[in-house]
Amino acid sequence: MNQTLLDALQYYGAAAATLAALLVSLNLGERWNGWAFVIFVTSSLALIAWGFLQPDSEGIGWQNVALLCINLVGVYSHLIRKKPAAKDEGGA
């Protein structure tokens, strides 16, 4: 496997995860968090590829398979799922 491609996957995965974590930590709102999870998905995909293509790195690959599932739940819950309308409490 081309070492330049492996390096690109590894460093993109790390940088994208860091950016996504920063966006989530800033708590800028539902849509921002949703897009942060989209970035997390791309990070997981890159690190899955890197983990299974790089010798002796399958652990990172499997970890990111699990993280990909979690990140897809984040995309669904923040960007796709329709939330029920807020119930008016009818306060005074």
Original post:
So how far apart, in nm, are the two label points at Ile70 and Glu58 if each is 7 Å from Cα heading toward Cβ?
Top reply: 2.2
Original post:
In angstroms, what radius of gyration and Dmax does the chain have, counting Cα atoms only?
Top reply: 17.0, 68
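Read-outs throughout are calculated quantities, based only on the coordinates presented, and are distinct from any laboratory measurement. Since we're looking at a predicted model, the values are computed, not measured. No Cβ is skipped: glycine too gets one built from the backbone with ideal geometry, and neighbour counts run over all protein chains shown.
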